[in-house]
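Report on the structure given below.
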Amino acid sequence: MGKISQKLPFLLEFIFNGLFIFLYSLRSIKKLPENWSPEFIDSVIQNCAYIVPVILLINVVNNFKNSKGLEDFLRRYIFSMVVFVPLLITWGDVEFAFWLASAHLLSSILALYDDVNDVKVQRGRQEQNLFQGLRLRPAQMVLFSFIGVIFLGTFLLMLPVSSADGNSISFVDGLFMATSATCVTGLSTLSVQDNLSVFGQVVLLVLIQIGGLSIMTLYSSMAILLGRSMRMKDRIIMQDLLDVSSLEELFAMIINIIKYTFLIELWGGIVLTIAFTFEGFEFGKAIYYGFFHSISAFCNAGFSLFNNSLESYAASPLINGTIAILIILGGLGFIVLKELAEVITKGKKLVRLGLHSKIVLVTTIVLTVAGTLFIFFGEFLNSLDSYTLWEKMQISFFQSVTLRTAGFNTIPLTNLHKYTIYMMTLFMFIGGSPGSTAGGVKTTTLAILFYSIKSTLKGDKKVTVLDRKIPAPVVVRATALMFISILITSSFILILMKLEPEQSFLPIFFEVISASGTVGLTLGITPYLSMVGKIAVSLLMLIGRIGPLTLILAIGQRNRDKGKFDYPDGRIMIG
C-alpha cells in the first residue's frame, strides 16, 4: 500500500491533468469529434483548470513527505514549486494552466523514469536490465537513442495536426523530415512553410534542438536542471561523449553547454527578430521567425521557413551576418566556446588556448577564407554578376560559412559553375569541429592527416602540431575515420545512382555528400527522390550524424582481452 500511495499523486496527475491537456489540445486545433458537445467540453476544460493546481498541490505534499528533508526536497522537486506558485497566482486561467500542466506532467514522467532506474539499480545483483543483457556500448546507446527520437518525431509529424492542410503526410516523408531534423541536416522532401502547420514546425524545431545537442547531453542537462542525479552508466557515457576525465569536469561541461546554448540562441533570436521587423514582418511573426532561424543556425540544421532558404535576403547583412555568426559558433564546439569565453571574460591570452582549440580555430579560419575566395573569384562573372562588390563579398563569405554543414543558401546553387559545386562538396565533407552541432569528418581530422602527411614527407616518425606530439592511436583513428567516411559516401553514391537513374551524376554526388556531412544543401533533387531513395538518404543522414562519433568510440572500445599477446613486427611494402 505504501508504494501505491506514493504513486497515487502521479496517477491523479496523469489522468486528470492529462485529460485536461488532451481536451484543450483538441479544442485548440479544432479536432473535436462532431458528436461531442462543445459547451460540455468547454465546461470540463474550465473545471479542470481549477482542479490542476489542486492535483499539483497533492503532488508537492507527497514529494515533501517522501523526501529526506527540505534540502533534498528542493534539490529534487524545485521544478514542481516553480510550476505550482504561478498556477496558484493565476488560478482558473485555462491557457496558463495548460502550458504549466504540460511542463509539469513531462517532469513527472521523467521523475518516474528515474524512480524506475533506482529500482533497477537495487535489483541489479539479482537481475540484468535490458542494456546490461545486450551489453550495449556507449556508441550503441547513442545510436539507439537517435533512432528512438527519429521514430517519435516521425509519429508526431504524421499526425494530421502537423500538416498545414490537415491531412497526414506519408510515413516516408515523415521519416525523412524527422531524420533530417534530428540529424540537423536540413534536406527536406516537403516545404516547411507550406506543408507543415505551426505545430509541425515546432516539432521540427524541437527535433533540431535535440539532435544538435545530442540526446544524451539533453537528457543529462534536464536531469541537472530538474535537480536529479545521473546514473553511473550515464555518467560514463557522457564522459566518453564529451571527452572529460572526471565527474567534476563532466558536470561543469554540461552546465556550460546549457549556458552557451541558451545565451547564443537567445542573442541570435533577438537580433534576427529585429532584422525581420526591419524587413516588414509583424512583431509576433518576426519573433517566431527570428528564434526558429536562430536555433536552426546554431544547431547547423539549415531548415528555413522560406521556400528559397535565405535567397530573398542575400543583400541583408544583419540577417546573413547574424546567421553566419550562429553557424560558426555552433560549428566550433563547446570546448572551444568555453576557452573563447575565458579569453573575453577573464583576459586569457590566445597563446594559452589548448591545442584542440588552436587547431579548430586555425583550420576553421583557413577553410572559411579559402572557401570565400574560391566562390568570390569563381562566380564573380557568373552567379554573382548582378550584385555589387560588397554584396559579392557578403554572399561568398556566407556560402563559405554555410558549408560548415549549416545548409542555408543565399543564391540558387543550380546557377553555380560545376567546379564551384565540386569544391563545395569537399568543404561539406570536412564539416565542422568535434563536440559541436556540425557534422562531417571534422576539422581536427583534416588537420591531423595534414600534419601526418607532412611528417611522412619530411621523414619524421612523430606527428607534431604546434609544438605538441600527437599520439599514434589518434593518428590511426583519424586515418580510419577518413577512410571509412570515404568508403560510406562512395557506396551511397553508387546506390543512389542505381536507385535514381533519371538523375545525373553531379546532383546525386552533391546530395550524398550533403547528407553524409549533415549539411542540407541540395541541387533540387530531394523532393523527387523515389521512396527507396528517400529511405537510403535518411539512413545516410543518421550515419553522418552519429557516424564519426560512433566510429571513434567503437575503435577506442575494443576488447581488452585481445591485448595479452605481443606479436612480432611484419614488413609490408607500401607505395
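The values are calculated or read from the model by the stated rules, or taken from the named source; none is laboratory data. In this text, all values refer to a predicted model and were calculated from it rather than measured experimentally. Glycine also receives a Cβ, built like all others from the backbone with ideal geometry; neighbour counts cover every protein chain displayed. Each accessible area value is taken on the protein alone, full model and side chains, heavy atoms only, with ligands, DNA and RNA left out. Shrake-Rupley method; radii C 1.70, N 1.55, O 1.52, S 1.80 Å.
Name every residue in the range 388-408 that is crowded, with 20+ Cβ neighbours inside 10 Å and not hydrophobic (A, V, I, L, M, F, W, C), in order of residue number.
Passing the criteria: Gln394, Ser396, Gln399, Ser400, Thr402, Arg404, Thr405, Gly407.
Can you name the condition, by its number, that Asp385 falls short on among (1) buried (at least 18 other Cβ atoms within 10 Å of the Cβ); (2) assigned to a loop (DSSP other than H, G, I, E, B); (3) of a type outside the set (Phe, Trp, Tyr)?
(1)
Can you tell me which residues in the range 301-335 are farther than 12 Å from Phe408 by Cα, open to solvent by 30 Å² or more (accessible area, probe 1.4 Å) and of a type outside the set (Gly, Ala, Ser)?
Pro317, Leu318, Ile325, Ile328, Leu329, Ile335
Please verify whether Thr189 is crowded, with 24+ Cβ neighbours inside 10 Å and assigned to a loop (DSSP other than H, G, I, E, B), treating the condition exactly as stated.
So Thr189 does not fit the description; no.
If you check Leu56, Leu87, which single one turns out to be aliphatic (A, V, I, L, M), touching a Pro at 6+ places or on another chain (Cβ under 7 Å) and open to solvent by less than 30 Å² (accessible area, probe 1.4 Å)?
Numbers: Leu56 fails: touching a Pro at 6+ places or on another chain (Cβ under 7 Å).
None of the others qualify; the one that does is Leu87.
Are any residues in the range 320-372 charged (D, E, K, R) and modelled with pLDDT under 90, and if so, which ones?
Listed by number, the residues that qualify are Lys338, Glu339, Glu342, Lys346, Lys348, Lys349, Arg352.
The conditions are (1) over 22 Å from Leu337 (Cα atoms); (2) of a type outside the set (Lys, Arg); (3) touching a residue at least 40 places away in the same chain (Cβ under 8 Å); (4) part of a loop (DSSP other than H, G, I, E, B), and Ile488 fails exactly one of them. Which is it?
Just one mismatch for Ile488, condition (4).
Looking at the range 373-382, which of its residues are in contact (Cβ under 8 Å) with a residue 24 or more places away in the chain and assigned to a loop (DSSP other than H, G, I, E, B)?
Across the range 373-382, the qualifying residues are Glu379, Asn382.
Between residues in the range 34-62 that are not assigned by the TED database to the domain that holds Ile15 and residues that are in a helix (DSSP H, G or I) and surrounded by fewer than 16 Cβ atoms within 10 Å (Cβ to Cβ), which pairs lie under 8 Å by C-beta distance while being six or more apart or on different chains?
none
Looking at the range 309-363 only, could you name the residues that are assigned to a loop (DSSP other than H, G, I, E, B) and free of Cβ contacts under 8 Å to residues at least 60 places away in the same chain?
Ser316, Lys346, Gly347, Lys348, Lys349, Leu353, Gly354, listed by residue number.
Name every residue in the range 141-155 that is modelled with pLDDT of 85 or more and crowded, with 19+ Cβ neighbours inside 10 Å, in order of residue number.
The answer is Val149, Ile150, Gly153, Thr154.
Scan Ile486, Ile411 and give me the residue that is of a type in the set (A, V, I, L, M) and open to solvent by 10 Å² or more (accessible area, probe 1.4 Å).
One residue alone meets the criteria, Ile486.
In the range 279-308, how many residues are over 25 Å from Thr364 (Cβ atoms) and either of a type in the set (S, T, N, Q) or not in a helix (DSSP H, G or I) (or both)?
The qualifying residues number 8.
Return yes when Leu446 is more than 21 Å from Leu361 (Cα to Cα) and under 29 Å from the mean Cα position of the chain (by Cα) and no when it is not. Write out each step before concluding.
Working: more than 21 Å from Leu361 (Cα to Cα): no; under 29 Å from the mean Cα position of the chain (by Cα): yes.
No.
For Gly524, state whether it is buried (at least 22 other Cβ atoms within 10 Å of the Cβ) and not aliphatic (A, V, I, L, M). So that I can check it myself, show each step before the final result.
On the way: buried (at least 22 other Cβ atoms within 10 Å of the Cβ): no; not aliphatic (A, V, I, L, M): yes.
Considered against the rule, which asks whether it is buried (at least 22 other Cβ atoms within 10 Å of the Cβ) and not aliphatic (A, V, I, L, M), Gly524 comes out as no.
Only one of these conditions is not met by Thr479: (1) open to solvent by less than 60 Å² (accessible area, probe 1.4 Å); (2) in contact (Cβ under 8 Å) with a residue 24 or more places away in the chain; (3) among the β-branched types (Val, Ile, Thr). Which number is it?
(1) is the only condition that Thr479 fails.
I'd like to verify a number: residues in the range 500-541 that are touching a Leu at 6+ places or on another chain (Cβ under 8 Å), part of a helix (DSSP H, G or I) and among the aliphatic types (A, V, I, L, M), how many?
The total comes to 9.
Any residue that is among the β-branched types (Val, Ile, Thr) and open to solvent by 50 Å² or more (accessible area, probe 1.4 Å) - is there at least one of those in the range 291-300? Outline the logic, then answer.
Step one: list which residues in the range 291-300 are among the β-branched types (Val, Ile, Thr), which gives 295.
Now restrict to residues that are open to solvent by 50 Å² or more (accessible area, probe 1.4 Å): none.
No, there is no match, as no residue in the range 291-300 is among the β-branched types (Val, Ile, Thr) and open to solvent by 50 Å² or more (accessible area, probe 1.4 Å).
Say we look at the range 29-45 and pick out the residues that are assigned to a helix (DSSP H, G or I) and open to solvent by less than 70 Å² (accessible area, probe 1.4 Å); which of these is farthest from Leu88 (Cα to Cα)?
Ile41
When the range 414-463 is examined, which residues are found to be of a type in the set (Ser, Thr, Tyr), surrounded by 17 or more Cβ atoms within 10 Å (Cβ to Cβ) and at pLDDT 90 or above?
Passing the criteria: Thr420, Thr425, Thr443, Thr444, Thr445, Tyr451, Ser452, Ser455.
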